[in-house]
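See structure below.
What follows draws every value from the coordinates through simple rules; no lab data is involved. Just so it is clear, the structure is predicted and the values come from calculations on it, not from any experiment. Ideal geometry is used to build each Cβ from the backbone, glycine not excepted, and the neighbour counts take in all protein chains shown.
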Amino acid sequence: MAETRVMPHNIDAEKSVLGAIFVDPTCLASVADKLTVEDFYETKNKNIYRAFLNLLESDSKIDYTTVSTELASLKVMSQVGVDYLVEVTDYLPTISNLDSYIELVRDESLKRSMIQVSSEIYAKGFDPAITASDYVDDAEEAIFTLIRKRRAGEFLTLGEVLKEVRNKAEVKRSDSTVTGIDTGFAKLNYATAGFQPEELIILAARPSVGKSALAMNLALQIAKFNKQGKAGVAIFSLEMSNEQLVSRMLSCESLVSNRRIKTGNLTSNEWDDINAATNSLNQLRIFFDDSSDVKVKDIRAKCRKLRQEGRLDFVIIDYLQLINESSNRGNRQEGVAEISRSLKQMARELKIPVLALSQLSRDLEKREDKTPVLADLRESGSIEQDADIVLFMYAPRDETNTLIGEDIIEVKIAKNRQGSLGDFRLKFNKDQSKFYAITDREE
């Protein structure tokens, strides 16, 4: 005969929680923040706790009489029974141990939830209509949803928040103003205090301005200047191949012309520079994916794996409008809204900054003033709303509408939830795919 397994539970802990509430009803508000009805295994205990919550909501007194009356109104008094309710009422746990009782109930509830999710994952695996990729992603998402649910935060005290603020202030007071990820560009660091965890950053420009090159420069500098050169950066290049991107990185690091690297027509000194740059790049933790047919859930699954391994601190996606939608929508604007919202959720889940490149609308070219504004973001509404930081790149012009210089690029901080707005200029050496900061004196 097959063994019948009983789902994990701890009846004594459940009765201790309920008994503690009878002893000290004022603790119910705190318990309600930590336990739901479904956290209880025993049906009788579920019903008693549901009655407690109803009384709490109506701001009613809690004792044997009010609870039994509420159970009657719920039509479950006969299921609980007078004897059992009296037993729970007379149960006298140690109030000082209430948090321990709550934790025991939560632990058993989490085990049951995990068993249920695992069973659903197991059953779904037999569905011939689901692909292996979707199956793995759905499984990961189900487990992470459960984990996030169990980690639902409580209120923080003012003292706890103050401690975090002071810790960041100490960082600011010490070596730099960077509290997040060092971008390698001083003026960008000054405005943002570095890219912060959970931020969605949009870098937008018209084609051929150099946004992919700037993103590549950021990848190199973030990998070098954070965690003693051990920061992990993932690059999803939907437009260029991995080889094209790494060729640009090699040119940027070695200061050897990208064109000459492509032809292989190099001097011995240039080969020395290439070899030195190769050794330097080999030390960096930069990961590439040039899959052209990719969805946000694919990006999230790959990033989640790197994050779990402790090898991910920053993500770059080049570019947002090339990501495939998870569902076939007739309205492209709705599809982009889903993508940008999903990228923001990924940044929050993994607690890392995510940089997504974006195209600017062609309407910008029709205007006399070529300075981008937020409305120029293609499918702008959702991207502007979801983004924490929006950066624009464009070629600046003088009062006569003449380009200031062939190699001068203006970076405009058009939106910054946690910092200041403004702009700064970079010098762009296209032959090396490298951006240089321009000093105030040079400007």
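By its C-alpha gyration tensor, with a ≥ b ≥ c as the square roots of the eigenvalues, how is region 337-391 shaped: rounded for a/c under 1.5, else prolate for a/b larger than b/c, else oblate? The partial results should precede the final answer.
Details: a/c = 3.35, a/b = 2.45, b/c = 1.37.
Prolate.
Please order C303, C252, C27 by the number of other Cβ within 10 Å, starting at the fewest.
On the way: C303 24, C252 21, C27 15.
Fewest-to-most ranking of C303, C252, C27: C27, C252, C303.
Below 8 Å, C-alpha to C-alpha, sequence gap of six or more: please give me the relative contact order for region 11-120 in percent.
Values: 97 pairs, mean separation 46.0, N = 110.
Rounded, it is 42 percent for region 11-120.
Return a whole-number percent for the relative contact order of region 252-363, with Cα pairs under 8 Å and 6 or more residues apart as the contact set. Intermediate values should be presented prior to the final figure.
Working: 79 pairs, mean separation 28.5, N = 112.
Relative contact order of region 252-363: 25 percent.
List E141, E399, E108 from most exposed to least, where exposure is judged by having the fewest other Cβ atoms within 10 Å. Before the final figure, lay out each step's value.
Working: E141 15, E399 5, E108 20.
Least crowded to most crowded, the residues run E399, E141, E108.
Testing the spin-label approximation: label points 7 Å from Cα along Cα→Cβ at T94 and A129. State their distance in nm.
A separation of 5.5 nm, rounded to one decimal place.
Using only Cα atoms and rounding to the nearest 10 degrees, what angle (0 to 90) does helix 211-225 make with the longest principal axis of the chain?
For helix 211-225, the angle is close to 70 degrees.
Please compute the Kirkwood hydrodynamic radius over the chain, one decimal place, Å, based on all pairs of different Cα atoms.
Working: mean 1/r = 0.0384 Å⁻¹.
After inverting the pairwise mean of 1/r, the radius is 26.0 Å.
Within region 1-149, what is the number of lysine pairs with alpha carbons under 28 Å apart, leaving out pairs fewer than eight places apart on the same chain?
Lysine pairs meeting the criterion: 25.
Do the sum for the chain: with -39,500 (n - 2.57) for every DSSP H run of n ≥ 4, divided by all residues, what is the mean residue ellipticity at 222 nm, to the nearest 500 deg cm²/dmol? Don't jump to the answer; show the numbers that get you there.
On the way: 18 runs with 216 residues, N = 443.
That comes out to -15000 deg cm²/dmol.
Using Cα atoms only, what is the angle between the long axis of helix 132-150 and the major principal axis of the chain, expressed in degrees (0 to 90) to the nearest 10?
That helix lies at roughly 60 degrees to the long axis.
7 Å from Cα along Cα→Cβ at both E243 and F144: what's the point-to-point distance in nm?
3.2 nm
Relative to the present Cα-Cα distance, how much length would full extension add between S118 and N324 at 0.36 nm per residue of separation?
On the way: separation 206, 0.36 × 206 = 74.16 nm, distance 2.89 nm.
So the extension gain works out to 71.3 nm.
Quick check: the angle from helix 158-173's long axis to the longest principal axis of the chain, C-alpha only, nearest 10 degrees?
20 degrees
Assuming 0.890 mPa s and 25 °C, estimate D for region 97-138 with Stokes-Einstein, Rh taken as the Kirkwood radius over Cα pairs, in µm²/s. The partial results should precede the final answer.
Numbers: Rh = 12.2 Å.
Here the translational diffusion coefficient equals 201 µm²/s.
Just want the ordering: K124, K297, from fewest to most Cβ atoms lying within 10 Å of their own Cβ.
Values: K124 14, K297 18.
Neighbour counts put them in this order, fewest first: K124, K297.
Between rounded, prolate and oblate, where does region 253-406 land on the alpha carbon gyration tensor, with a ≥ b ≥ c its root eigenvalues, rounded for a/c under 1.5, else prolate if a/b exceeds b/c?
Working: a/c = 2.26, a/b = 1.15, b/c = 1.96.
Taking the square roots of the gyration eigenvalues as a ≥ b ≥ c, region 253-406 is oblate.
Among R300, R417, R425, which one moves the most in a GNM of the chain with springs linking Cα atoms closer than 10 Å?
Sorting by GNM fluctuation, first place goes to R417.
Separation between the K163 and D24 pseudo-spin-labels, each 7 Å from Cα along Cα→Cβ, expressed in nm?
Output for this residue pair reads 2.2 nm.
By how many nm would the segment from Y84 to K366 grow when fully extended, if each residue of separation counts as 0.36 nm and the alpha-carbon distance is taken off? Mind dumping the intermediate values first?
Values: separation 282, 0.36 × 282 = 101.52 nm, distance 7.80 nm.
Additional length available on full extension: 93.7 nm.
Quick check on my link table: of K163/K427; K211/K305; K163/K415, which ones sit more than 31 Å apart, alpha carbon to alpha carbon? Let's see the in-between values first.
Working: K163/K427 40 Å; K211/K305 27 Å; K163/K415 28 Å.
Result: K163/K427 exceed 31 Å.
Take every DSSP beta bridge with both residues inside the chain and express the antiparallel ones as a percent of the total, to the nearest 5.
On the way: 19 of 43 bridges.
Percentage antiparallel, nearest 5: 45.
Using only alpha carbon pairs under 8 Å that are at least six residues apart, calculate the relative contact order of the chain and give it in whole percent. Please report the intermediate quantities before stating the final value.
Values: 633 pairs, mean separation 64.3, N = 443.
Over the chain, the number comes to 15 percent.
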